[in-house]
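The values are calculated or read from the model by the stated rules, or taken from the named source; none is laboratory data. Owing to the predicted nature of the structure, the values given are computational and were not obtained by experimental measurement. All Cβ positions, even for glycine, are placed from backbone atoms using ideal geometry, and neighbour counts span all protein chains on display.
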Amino acid sequence: MPLTCFRLFIAFFVVAICVATLSACGGSDGGPPTTSKQAVTNLPDRISVAEKSMSQLNSAIGSGLIRNASILSEYAKVLKSQKPELTSLINSLALDGGKNGAILKNLQNRLATLKNEPGLFETPLARYQEANAIIDAAQPENYNLALIDVVNVLADMSNGSLPRIESESKRETLAANRSEDMGAGSQLIGNPSYGQWTNSGGTSIWAWYGMYAMFRDLTGGRSYGYNQWNRNRDWSYYNDVGRERNGSVRSRNVNQPKTKKYGAKRDYGVSKKSYGSASSDRRKSAYGSSSSQKKSAFSKKSSAPASFRNRSTYSRSAFGGK
C-alpha cells in the first residue's frame, strides 16, 4: 500500500473511532444522549454531578453569596414594618433566601425523586434530562435568578415603595402584556414550589401550599382557573424563562403556559441548545427602553434600607444573574 494511502487510511480510522466514542457518550454531535440506552449508560455520572451541584449551591447560600437572597431579606424587613399583619406570610417568602426556602426544597425533592423513584419517569432519557435540569437550576447564578419572582411579590405588596428587580413596574408590565391584575403573589402562580393545579369539576384551579394560601385571602378569596390565568397572566420569571430548569418533568409537561409576543430582551442564561429559544415569544419584563431602568431603586424619601438607595433595579450577583 503506498505511503499516502496508508496515511489516509490511518486518518480515516482515527476519525471513525472518535465518532464512535462521541456517539457512545452522547448524541451525534457529542452532546446529550439521544436514546434511552445512551441515557442509562451516562445517568450515574449525571446524578453524581447533580448531587455535587446541590452541595455547592447549599454552600453558596450558607455563605451569603446569592445576591437576590440578600435583597429578599432586606425587602422582608421593610415590608414587615409596613404591614405587620402579614408577618407570617412575609417570613414564609423570606425563607427562600436561606436553606429552608420553598425553591431549594423543591430542588431537593426533585433530586430525591431522580435518585430513588425511576419508575416515575417515562423513559431513561427523561430521567437523564431531569438530572441536567437539576444541575442547571442548582447553579448559584440560576438560583439567584429563580428568586426574581418572590422578590417582586414583596415589591408589589409594598404598593411601590420597594422597586421590582429585573422587571419594569407592575403598571408597565400589565399594560405591555395586556394582562389582568391578579393580585398579590400572582407571579408565583404556576410555580410548583408554591402550589399546584388541582382538578375541580373538570377545571384546573390553582391551590397554594400551606402559608401561601394567605395570598387567596389577600385577593378576597378569589381562586384562579388555569384557562383564565393562562390567557391573562402577566410576565413572571418562572413561567416565561425558568420553567425548563426550575420545574419538575411533570410540571414542565402539564399546564404549559402560553406566551405573548412581548419579548424579554435577555434569555437569562437559558441554553438554546438544551431547551430551545423562546425569547421572541416571551412576555415583557425588565429589558426594554423603559425609563424606569434609568431611575434609582429608591427615591430620597424612601423608607427602604440605606444600602438599597440609589441602586439600579437590576439585581447584580457575585455569580452574574444581572
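Couple of notes before you dig in:
- Counting only residues that are closer than 23 Å to Asp45 by Cβ and part of a helix (DSSP H, G or I), region 90-119 holds 12 of them.
- Glu122 outside any helix (DSSP H, G or I) and within 30 Å of Thr35 (Cβ to Cβ): yes
- Given (1) at pLDDT 95 or above; (2) small (Gly, Ala, Ser); (3) assigned to a helix (DSSP H, G or I), index of the condition Gly64 fails: (3)
- Every pair of residues 6+ apart whose Cβ atoms lie under 7 Å, when the first sits in region 212-241 and is buried (at least 20 other Cβ atoms within 10 Å of the Cβ) while the second is acidic (Asp, Glu) and not in a loop (DSSP other than H, G, I, E, B): Ser236/Asp149; Tyr237/Asp149; Tyr238/Asp149
- Any chance Ala264 is part of a loop (DSSP other than H, G, I, E, B) and modelled with pLDDT under 90: yes
- For Asn132, the requirement of being surrounded by 15 or more Cβ atoms within 10 Å (Cβ to Cβ) and in contact with a Gly (Cβ under 9 Å, 6 or more places away or on another chain) is not met.
- Restricting region 199-211 to residues that are touching a residue at least 24 places away in the same chain (Cβ under 8 Å) and under 18 Å from Asn106 (Cα atoms), the residue that is surrounded by the most Cβ atoms within 10 Å (Cβ to Cβ): Met211
- Identity of the residue in region 199-244, touching a helix residue (DSSP H, G or I) at 6+ places or on another chain (Cβ under 7 Å) and of a type in the set (Gly, Ala, Ser), that ends up nearest to Leu89 (Cα to Cα): Ser223
- Among (1) surrounded by fewer than 23 Cβ atoms within 10 Å (Cβ to Cβ); (2) in contact (Cβ under 8 Å) with a residue 24 or more places away in the chain; (3) of a type in the set (D, E, K, R) - the single one Asp96 does not satisfy: (1)
- Filtering region 142-179 to residues that are of a type in the set (Asp, Glu), part of a helix (DSSP H, G or I) and surrounded by fewer than 24 Cβ atoms within 10 Å (Cβ to Cβ) leaves Asp156, Glu172.
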